[in-house]
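Remarks on the structure that follows.
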Amino acid sequence: MKFFHLSDLHIGKHLFYYSLLEDQKYVFHQILEAAKEEQPDAVLLCGDIYDKTIPSAEAVSLFDWFLTELKETLPKALILIIAGNHDSGERLEFARELLEKEGVFIAGLPPRETDEKIRKVTMTDPAGEVCFYLLPFTKPSHLRKKYEEEKIDSYEDAVKKLLEEEEIDTTKRNVLLSHQFYLSGGSEPLTCDSEIRMAGGIDEIDTRLLEDFDYVALGHIHRAQRIGKGQCYYSGTPLKYSVSEASHEKSFQIVELGEKGQEPVVRKKQLKPLRELCVLRGTLQEVLEQREHAKDFVSITLTDEEEPYMPKEQLELVFDHILEIRIDNERTRRILDLYEEEEETESLFESFASFFETVQGRSMNEAEQEAAQDAWNEIIEGGAE
Ligand SMILES: [Mn+2]
């Protein structure tokens, strides 16, 4: 059994002011080319299909085109889709029953009724059955109705509870599709700036919950990586979606599942972007000379001590897709230092006191100070748990 594992397409995403639709179509062509060559039995799309819960008309058209082409290239293959945190589960499930007849299975929302289970799709190959479990992005609040009696507060409890309810037959091969923030034994995955994180790490889930699966196809983290020693993989995004990803290589996974007990064979299929994303640093003259990046997306940092005249206008004559222009010299570093000093001298409580003064036009009285201090201590203690 061979399948493609992709995630975080973020169709319709903008990189600063630039729409990436053309860039996305360019890599989708490469995925279709690979599908023609490799003839996988299934294609797994593990969440964040769209960048927004209400995607633009152009984004919907692009996904429509991709799905249709994929199905035409692989008429017999199953396409398995789950929603991510950027998707609207309800909207993604549009025409779900109809699409099922075409071999396209969509899970937009996790099970929410008492008798509902995780969506399961079974395929058979000469080595027997493979069960695919389609678990879309799950929040504790999704399960409030399903588990009325129990208190499910954390993301880990939510996923644990749902998986416990499944009677997973471990004599068969099992594959999970999931879109969450997984870590292994406390060691965090390598993240980047284009992901949304929850404050305080409340969204973290340990991969020990996933031990029954022969392969776990993950979405959510934008850098391709294996988590822990098991078979849990993030495929990463097909394109660089933030400047922090400039040095990453983007790809998707081609997975071959042998007999039960055999380690799956995982290959990375490199994707070539239409436009590269580069970080350029140097004096204005040095940067202007890097004409090989004229068509790329560029993040520019100028280091001239004497700030040049109208640098933006000069740079725009050479570079077609400027994302940002920063200046890093003595003057800007001094300003940054000043900010840092200010931050150090004022505690958060003092900041609140001056905020109070600004709003109320007077300083706090003793009772107010005490109340504020109590609330502050509570926050500190709560955060340290
Ligand atoms: Mn994402």
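Quick notes on this one:
- Cα-based shape type of region 16-111, given that a ≥ b ≥ c are square roots of the gyration tensor eigenvalues and the cut on a/c is 1.5: oblate
- Each of Glu292 and Glu116 was given a label point 7 Å from its Cα along the Cα-to-Cβ line. The distance between the two points is 5.3 nm.
- Between Glu313 and Ser141, the simple label model (points 7 Å from Cα in the Cβ direction) yields a spacing of 4.9 nm.
- The distance from the alpha carbon centre of region 143-187 to that of region 244-265 is 23 Å, rounded to a whole number.
- Gyration tensor (alpha-carbon) shape descriptor, region 2-270, a/c threshold 1.5: rounded
- The residue among Phe349, Phe132, Ala375 whose Cα reaches farthest toward the positive pole of the charge dipole of the chain, with charges on the beta-carbon of Lys, Arg, Asp and Glu, is Phe132.
- Per residue accessible area in Å² of the chain, where ligands, DNA and RNA are left out and the probe is 1.4 Å: 53 Å²
- Ranking Thr301, Leu323, Thr283 by Cα position along the charge dipole of region 277-332, where only Lys, Arg, Asp and Glu carry charges on their C-beta atoms, puts Leu323 farthest toward the positive end.
- Accessible surface of region 277-332, 1.4 Å probe: 49 percent of it comes from carbon and sulfur atoms.
- Rounded to the nearest 500, the 222 nm mean residue ellipticity of the chain from helices alone is -9500 deg cm²/dmol, with -39,500 (n - 2.57) taken per DSSP H run of at least 4 residues.
- Each residue of region 34-47 was assigned a 3J(HN,Hα) from its phi angle through the Karplus expression (A = 6.51, B = -1.76, C = 1.60, θ = phi - 60°), giving 5, 5, 4, 6, 8, 6, x, 7, 8, 10, 9, 10, 9, x Hz with x at Gly and Pro.
- Folded to 0 to 90 degrees: helix 155-165 orientation relative to the chain principal axis, Cα: 10 degrees
- Gyration tensor (alpha-carbon) shape descriptor, region 254-334, a/c threshold 1.5: prolate
- Rounded to 5, the percent of DSSP beta bridges in region 187-298 classed as antiparallel: 65 percent
- FRET efficiency estimate (nearest 0.05) - Cβ-Cβ, Glu22 to Phe94, R0 30 angstrom: 0.75
- Take the Cβ atoms of Asp206 and Leu32, set R0 to 41 Å, and the FRET efficiency comes out at 0.70.
- Exceeding the 31 Å Cα-Cα cut-off - candidates Lys71/Lys260; Lys52/Lys160; Lys36/Lys120; Lys36/Lys117; Lys139/Lys172; Lys101/Lys260: Lys36/Lys117
- Average Cα contact separation per residue, the chain, under 8 Å, 6 or more apart, as relative contact order %: 13 percent
- Angle in degrees between helix 366-384 and the longest Cα principal axis of the chain, rounded to the nearest 10: 40 degrees
- Alpha-carbon centroid distance for the pair region 70-119 / region 275-310, whole angstrom: 44 Å
- Magnitude of the charge dipole for the chain, about its Cα centre and with charges confined to Cβ atoms of Lys, Arg (+1) and Asp, Glu (-1), is about 2100 debye.
- Dipole magnitude for region 277-332: computed about the Cα centre from +1 point charges on Lys and Arg Cβ and -1 point charges on Asp and Glu Cβ, it is near 200 debye.
- As a fraction of the 1.4 Å probe accessible area of region 142-211, surface on carbon and sulfur atoms comes out at 45 percent.
- Relative to the longest principal axis of the Cα atoms of the chain, helix 330-345 runs at roughly 90 degrees.
The values are calculated or read from the model by the stated rules, or taken from the named source; none is laboratory data. All values derive from a computational prediction rather than experimental measurement. As a convention, Cβ positions derive from the backbone with ideal geometry for all residues, glycine included, and neighbour counts pool all protein chains shown. All accessible areas refer to the heavy atoms of the entire protein, side chains included, with ligands and DNA or RNA removed. Shrake-Rupley method; radii C 1.70, N 1.55, O 1.52, S 1.80 Å.
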